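A.B. asks: Structure provided below as structure tokens; questions to follow.
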2 protein chains.
Amino acid sequence: MSGVPEHLPRRASEIAHWDDSADVVVVGYGCAGACAAIEAGRAGADVLVLERAGGGGGTSANSGGLLYLGGGTPLQKALGFDDEPEEMFRYLMAACGPEPDEELVRPYCEHSVEHFHWLVDCGWPLKEAFFTDAHEPPGDESLTYSGSELCWPFCDIAKPAPRGHCGTVVGPKGPLLMQILLGAADRAGARVRSGARAERLVVGADGSVVGVVGRSGGEAWAVRARRGVVLTSGGFIYNRTMVERYAPLLGRCLYKVGTEHDDGSGIQMAAAAGAATLRMDAGDVTLPLFPPVVLKQGVLVNRLGQRVLNEDSYMGRLGEFSLLHHDGRVWLVVDDAGFAQPANAPSQALSVGESWAELEAELGFPEGALQDTMAFYNRHATRGEDPLFRKQRAHLRPLDQPPYGALDLSVDKVIYAVFTLGGLWISPQGAVRTPSGEDIPGLYAAGRTTSGVAKQGYSSGLSLGDGSFFGRRAGRTAARRP
Amino acid sequence: MSGVPEHLPRRASEIAHWDDSADVVVVGYGCAGACAAIEAGRAGADVLVLERAGGGGGTSANSGGLLYLGGGTPLQKALGFDDEPEEMFRYLMAACGPEPDEELVRPYCEHSVEHFHWLVDCGWPLKEAFFTDAHEPPGDESLTYSGSELCWPFCDIAKPAPRGHCGTVVGPKGPLLMQILLGAADRAGARVRSGARAERLVVGADGSVVGVVGRSGGEAWAVRARRGVVLTSGGFIYNRTMVERYAPLLGRCLYKVGTEHDDGSGIQMAAAAGAATLRMDAGDVTLPLFPPVVLKQGVLVNRLGQRVLNEDSYMGRLGEFSLLHHDGRVWLVVDDAGFAQPANAPSQALSVGESWAELEAELGFPEGALQDTMAFYNRHATRGEDPLFRKQRAHLRPLDQPPYGALDLSVDKVIYAVFTLGGLWISPQGAVRTPSGEDIPGLYAAGRTTSGVAKQGYSSGLSLGDGSFFGRRAGRTAARRP
């Protein structure tokens, strides 16, 4: 393992000339950066955004545009769903572990309705329409289940409610979200330097962060931050060295969610200035199997023929279980009545047999392993029961219509979509912390540059959700610094 | 989560008076610290060791005293075992993952025979006797299998050889090892301050480490290091805040291996001075089930009645699989002919039934789950086969002698012995690195203050093994610094 590019901080005394200055300097102009810029600008700060790409948007603009919001938003209410901050809190504390950070999860839930209103006030257009299929709506609906709320064990832990909110537009909703947020940041007075690659923090004699240096094309520049620097420059899934060093299992996934600017530069700059990092091994690992929803009737097994979990679980939970607990080797077993070819699996990924014994042999599984699993599953499913994982009745029936099939969903065969969840340790106000738990004066962060609400377990909308929420807080905290 | 005690570095310019000075200052006097002191002293350096306890030894003196050595040591040869550095390398790269650090594993294997001779030259007494039971010898034998070398899948990956070496003495071998090493360090001229608690590094204007400050009782002191500081102050299993923050799953285990000085102070001091940390979530999680060895004939299942892994695996692998992949909830299922009460399980941990169906009901397992698992296991075991996990034939037979029993080996019921494996990122020469991969001038480390050979998967003897090996290198590198 060799080192990653050098991001050691510069000392302020070494900076002969500042090319620009602002009260608050925001590094990265995705969702978290835009929200930081809006709030800092509205608080009266002069705000300068440094963005490496030609314009704002970042990975957020390439995303599905879902935000995980709840606790009783007007949209939830209008569509007939009861929710409470406490139920949202219980769900996230159970689903985002092991051991999510209550210090972040608590305010994220308690102020989620307020955050909803803030986004709507920015111009986020929502439609009072609910999408039933529990993944990102392909149409213009604005509310959906985006996690495992309806699924065991979470349905026993917290009252389920759909919390995936998105702007109303047919197709991907990330561009719409970012168009709204960038417009609001512009109206709040944020100045933007695009094509500007931040490389190092500038640190004062007392250890506080007072600026950023970097390059635009070949040209070096130094920007002074009078009140603070907010790092919102994404995660590190596109930094092969960092993935290998900190999160090697994530490197096995075929599809990286992000842009090549998700190279960890913000994490590296801050760490080199004394910032702590948390849970650097964690990642969202989505196995995008559905639609077609009929496949939830299938049975997910590992190489031993053992069932893995309830197949109606959120796709990020399916991928996580496969990669972290089953060596990335799983198969979805179906019968003829429950099969439809998923977009994510090539047709050659399907093995077929006229009986479970034949399919088992075809797969090279140990003799009897799959036969036992399916006999057990079918015997209970006939009674409407799933004693192992309590799959929802809607997807539960005995698989007894030959021919039988098995889709190879191993991590080297089909797309697992991955991005990193580890990063800087922040306070609930968005301040970056040292390993000792002290705030680094003048340094703030949000989004996937930080370790946020989801420590490992994931639900869709949590990255735009906590990025926007703590991005706002980071911008406000920086703007108000004396 | 609140912060941990403050370990921010002091600046050299703030130190008005140095109470002592040495070429090389070693912090912590366990196995890694003693080896650093020996090598630095032999290289001609004036060496000062700072130890918090009343004397040397640390967690190493409380340990079983096994060192993982191989590649063809004289003891392996004398006892008729062939081994090669390449076989040892293959085993460790497979067993110490995911993704062990080849940069450390390679030299550890290639120079293991040399390290053996060095230890013997220090006075480590060995007896040409092999202990057959694959755990720490209770008698005076000096060689044993201390990992999963004989077990699938490792037996297919590398030619098995026993690599657990220990000094010859009846009972625990840690005190003997430390007596030898402390004696050698004394002969090499190392001075020792005991009762001296190091608290912060002292850093020069150029960022290099030039000393340590701390306290002895209530009295503050400052010690200058002319060439370097070597941090060998153990892991962080006794720091509840750090465990909660970085390695929350490890906190579920009932027994912490170490002393209360394993509070992460060395890691914190270095991180506050710009050091990178690696794999902070990792730990050795040992489920000390054997002896009695007869229990390896049992079948380890999770709460779904699914079999977990080959029961003859190393106890650190059993504990790791249980805690990391099965929520810490596993049972060992036995029949009457294969049962003996283990020391680690209270008698009330045993459930009994006259048939598998009765035992299954007694455990509250889903109907048929355990019956299927045992029918499958017995059918194959009758033929001498274990198609799921290829348990060794010596431990494989159908379990068909009622009554049947199940020992509850869940993490909240029996002892899982745990210590941390995450820590500072070091170079193969023992230098502490920044997140950018640069050496921090004047700062070195070894032992469980560092992330070493075992990144997650463990075998007994790897901590004394890599602590002594890279401790020597750290001491030499520090002593030779201009």
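A.B. asks: Using a Cα-Cα cut-off of under 12 Å, which aspartates and glutamates could be cross-linked to B:Lys127, ignoring same-chain neighbours fewer than 8 residues away?
C.D. replies: List returned: B:Asp140, B:Glu141.
A.B. asks: Find every distance from the label point of B:Val294 to the corresponding label point in the other copies (7 Å from Cα along Cα→Cβ) and write them in nm, one decimal, shortest first.
C.D. replies: So the label point of B:Val294 gives 5.6 nm to the other copies.
A.B. asks: While we're here: When only alpha-carbon atoms count, how far does region B:1-71 stretch along each of its three principal axes, as whole angstroms with the largest first?
C.D. replies: For region B:1-71, the Cα extents along the three principal axes come out at 48, 44, 28 Å.
A.B. asks: Continuing with this model, one more query. Shortest first and in nm to one decimal, what separations exist between A:Asp156 and its copies in the other chains, measuring from label points 7 Å along the Cα-to-beta-carbon line?
C.D. replies: So the label point of A:Asp156 gives 3.6 nm to the other copies.
A.B. asks: Quick one: order A:Glu136, B:Glu199 from most to least accessible surface, probe 1.4 Å.
C.D. replies: A:Glu136, B:Glu199
A.B. asks: List the lysines whose Cα lies under 22 Å from the Cα of B:Lys256, skipping any in the same chain that are fewer than 8 positions away.
C.D. replies: B:Lys173, B:Lys413, B:Lys455
A.B. asks: Same structure again: With +1 on each Lys and Arg Cβ and -1 on each Asp and Glu Cβ, how big is the dipole of region B:281-390 about its Cα centre, in debye rounded to the nearest 20? Display every interim value, and only then the final one.
C.D. replies: Details: 8 positive and 16 negative charges, 54 e Å.
In total the dipole reaches around 260 debye.
A.B. asks: Here's something else I'd like to know. Of all beta bridges DSSP finds with both residues in the protein assembly as shown, what is the antiparallel percent, to the nearest 5?
C.D. replies: 60 percent
A.B. asks: Follow-up. I'd like the Karplus ³J(HN,Hα) series for region A:319-332: coefficients 6.51, -1.76, 1.60, θ = phi - 60°, whole numbers in Hz, and an x wherever there's a Gly or Pro.
C.D. replies: Per-residue couplings from phi come out as x, 4, 5, 4, 6, 7, 10, 10, 6, x, 10, 9, 10, 9 Hz.
A.B. asks: About its Cα centre, how strong a charge dipole does region A:151-226 have in debye, to the nearest 20, once Lys and Arg get +1 and Asp and Glu get -1 at the Cβ?
C.D. replies: That gives region A:151-226 a dipole magnitude of about 180 debye.
A.B. asks: What percent of all Cα-Cα pairs in region B:238-362 falls into each 5 Å bin, going from 0 up to the bin containing the maximum distance?
C.D. replies: Over region B:238-362, the share of Cα pairs per 5 Å bin runs 2, 9, 17, 19, 16, 11, 9, 7, 5, 3, 1, 1, 0 percent.
A.B. asks: Can I ask one more? Work out the charge dipole of chain A with +1 on the Cβ of Lys and Arg and -1 on the Cβ of Asp and Glu about the Cα centre, then indicate which of A:Met280, A:Gly41, A:Phe81 is farthest towards its positive end.
C.D. replies: Most positive-ward Cα: A:Gly41.
A.B. asks: Could I ask something else about it? 222 nm [θ] for the protein assembly as shown, helices only, -39500 (n - 2.57) per DSSP H run of 4+, per residue, to 500?
C.D. replies: Mean residue ellipticity at 222 nm (helix-derived): -7500 deg cm²/dmol.
A.B. asks: Report ³J(HN,Hα) in whole Hz for each residue of region B:294-309, in order, from the Karplus equation J = 6.51 cos²θ - 1.76 cosθ + 1.60 where θ = phi - 60°; Gly and Pro get x.
C.D. replies: 4, 5, 5, 6, x, 10, 8, 10, 8, 5, 9, x, 7, 6, 9, 5
A.B. asks: With the cut-off at 40 Å, report for chain A the share of all Cα pairs above it, as a whole percent.
C.D. replies: 23 percent
A.B. asks: Starting from 0 in steps of 10 Å, tell me what percent of the Cα-Cα pairs of region B:130-205 lands in each bin.
C.D. replies: 16, 27, 23, 20, 13, 1
A.B. asks: To continue, here is another question. When only alpha-carbon atoms count, how far does region B:331-414 stretch along each of its three principal axes, as whole angstroms with the largest first?
C.D. replies: 34, 29, 22
A.B. asks: Under a 1.4 angstrom probe, counting protein chains only, how are B:Phe419, A:Phe389 ranked by accessible area, largest first?
C.D. replies: B:Phe419, A:Phe389
A.B. asks: Moving on to the next point. Using only Cα positions of the protein assembly as shown, each an equal point scatterer, no hydration layer, compute I(q)/I(0) via Debye at q = 0.10 Å⁻¹ and quote the log10 values to two decimals.
C.D. replies: Log10 of I(q)/I(0), two decimals: -1.20.
A.B. asks: I want the antiparallel fraction of DSSP beta bridges within chain A, as a percent rounded to 5.
C.D. replies: In chain A, approximately 60 percent of DSSP beta bridges are antiparallel ones.
A.B. asks: Separate question: Using the Karplus curve 6.51 cos²θ - 1.76 cosθ + 1.60 with θ = phi - 60°, work out ³J(HN,Hα) for each residue of region B:180-191 in order, rounded to whole Hz, and write x for Gly and Pro.
C.D. replies: Karplus values, whole Hz, x for Gly and Pro: 5, 6, 5, x, 5, 5, 4, 5, 7, x, 5, 8.
A.B. asks: Averaged across the residues of A:438-445, what count of C-beta atoms belonging to other chains lies within 10 Å of each residue's C-beta?
C.D. replies: 1
A.B. asks: Taking all protein chains as present, what is the carbon and sulfur share of the accessible area of the protein assembly as shown, in % to the nearest whole number, probe 1.4 Å?
C.D. replies: 49 percent
A.B. asks: Another question, then. Show A:Glu360, B:Glu219 ordered by accessible area, largest first, where the area counts protein heavy atoms only and the probe is 1.4 Å.
C.D. replies: B:Glu219, A:Glu360
A.B. asks: Please compute, for peptide A:271-284, the average count of beta-carbon atoms on other protein chains lying within 10 Å of each residue's beta-carbon.
C.D. replies: 5
A.B. asks: Moving to a separate point now. Remind me, relative contact order of chain B in percent, using alpha carbon pairs under 8 angstrom and six or more residues apart?
C.D. replies: Computed over chain B, the figure is 24 percent.
A.B. asks: Something else: Given label points at 7 Å from Cα along Cα→Cβ, what nm distances, shortest first, separate B:Arg187 from the same residue in every other copy?
C.D. replies: 8.1
A.B. asks: Summed for both chains, how many Å² of accessible area, to the nearest 100, are buried between A and B with a 1.4 Å probe?
C.D. replies: Chain pair A/B: roughly 4000 Å² of buried accessible area.
The values are calculated or read from the model by the stated rules, or taken from the named source; none is laboratory data. Predicted model, so just to flag it, every value in this text is computed and none were measured. Neighbour counts run over all protein chains shown; Cβ positions are idealised from the backbone, glycine included. What goes into the accessible areas is simple: the full protein's heavy atoms, side chains included, and nothing from ligands, DNA or RNA. Shrake-Rupley method; radii C 1.70, N 1.55, O 1.52, S 1.80 Å.
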